[in-house]
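The values are calculated or read from the model by the stated rules, or taken from the named source; none is laboratory data. Predicted model, so just to flag it, every value in this text is computed and none were measured. Glycine gets a Cβ as well: all are built from the backbone with ideal geometry, and neighbour counts include every protein chain shown. Only protein heavy atoms, including side chains, enter the accessible area calculation; ligands, DNA and RNA are left aside. Shrake-Rupley method; radii C 1.70, N 1.55, O 1.52, S 1.80 Å.
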Amino acid sequence: MSDQDSLTYTKTRFVKSAAKLSQCPLEIVREVAFAGRSNAGKSSALNCLTGNKKLARTSKTPGRTQLINYFQVGDDPLALVDLPGYGFAKVPLAVKEAWQKELDNYLTNRQALVGLVLLMDIRNPLKDFDQHMIRWADRSAMPVHILLTKADKLSRGPAQTALLAVKKALKDISTQVTIQTFSSLKGDGLDTLRKQLDQWLLPPLDATDSDDQQPG
Ligand SMILES: Nc1nc2c(ncn2[C@@H]2O[C@H](COP(=O)(O)OP(=O)(O)OP(=O)(O)O)[C@@H](O)[C@H]2O)c(=O)[nH]1
Ligand SMILES: [Mg+2]
């Protein structure tokens, strides 16, 4: 197991894509999921964090990530998870609903999940999907780390104003919520993100972790 103070995120590799909870890898005992509306920048953030532009597929066409994609960090049973983006308009409603159901099932029942990184475009935060996720996390006592993405699209003043506004809007949430600005393009905010992921993923893995098996 890791006895380091920080994980080496550049040592991250693709493990598998799961279409539903029952396909999620059992060997992973602890994971952090990246969630957010389609086009929020989830795959870009993962690529930036791992220094591998080809790790997660990014696209100018929203809705490209349709599966629960697993990326293992180093040799420990730890993973980063790229979730399908929500809200892609061109996907038929029935498909959207099916995905929402799978996402809810994953969030509710995945034992390995220890934290959620919620990505929101800094110019357009706290949309319905984001609020839904935050409310779910609050009810489930799941810690959330919010990335206000594409911060390079705003200058420093407006970016800080947006950060403060989101902090204020979430001040009554009782689950652990941390918020930062982030730019995959510039790499701004990477250290803060790494520290949060380390906090969630690094504590020693004990026997109780691996005893928890998810239901099929
Ligand atoms: N300027 C800027 N553009 C970004 C940044 N992050 C992502 N983008 C762009 O936003 C678009 C969507 O990024 P993705 O990383 O594919 O978004 P996603 O959340 O994975 O989208 P889905 O897979 O559809 O859910 C791409 O064109 C990216 O190049 C950023 O920090 N700055
Ligand atoms: Mg994606």
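Structural remarks
- When residues of segment 65-77 are limited to those that are more than 16 Å from residue 193 (Cα to Cα) and among the aliphatic types (A, V, I, L, M), the one surrounded by the fewest Cβ atoms within 10 Å (Cβ to Cβ): 67
- Flag for residue 57 being open to solvent by 70 Å² or more (accessible area, probe 1.4 Å) and either within 16 Å of ligand 1 (Cβ to nearest atom) or under 13 Å from the mean Cα position of the chain (by Cα) (or both): yes
Conditions tested, residue by residue: (1) in contact (Cβ under 8 Å) with a residue 24 or more places away in the chain; (2) within 16 Å of ligand 2 (Cβ to nearest atom); (3) under 25 Å from residue 204 (Cα atoms).
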position	(1), (2), (3)
81	yes, yes, yes
87	yes, yes, no
98	no, no, no
105	yes, no, no
113	yes, no, yes
118	yes, yes, yes
122	yes, no, no
141	yes, no, yes
154	yes, no, no
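- Counted residues, segment 33-58 - those being more than 10 Å from ligand 2 (Cβ to nearest atom) and touching a residue at least 40 places away in the same chain (Cβ under 8 Å): 9
- Enumeration of residues in segment 27-41 that are surrounded by 13 or more Cβ atoms within 10 Å (Cβ to Cβ) and either out of contact with any helix residue (DSSP H, G or I) (no Cβ under 6 Å at 6 or more places or on another chain) or of a type outside the set (Val, Ile, Thr) (or both): 28, 30, 31, 33, 34, 35, 36, 37, 38, 39, 40, 41
Each row is one residue, and each column tells you yes or no for (1) within 12 Å of ligand 1 (Cβ to nearest atom); (2) in contact with a Phe, Trp or Tyr (Cβ under 7 Å, 6 or more places away or on another chain).
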site	(1), (2)
14	no, yes
19	no, no
23	no, no
34	yes, no
37	yes, yes
43	yes, no
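- Selection status of residue 144, more than 16 Å from the chain's Cα centre (by Cα) and open to solvent by less than 40 Å² (accessible area, probe 1.4 Å): no
- Condition met for residue 30 (more than 27 Å from residue 124 (Cα to Cα), of a type outside the set (A, V, I, L, M) and touching a residue at least 24 places away in the same chain (Cβ under 8 Å)): yes
- If you filter segment 110-134 down to residues that are more than 19 Å from residue 45 (Cβ to Cβ) and under 16 Å from the mean Cα position of the chain (by Cα), you find that the one that is surrounded by the most Cβ atoms within 10 Å (Cβ to Cβ) is 112.
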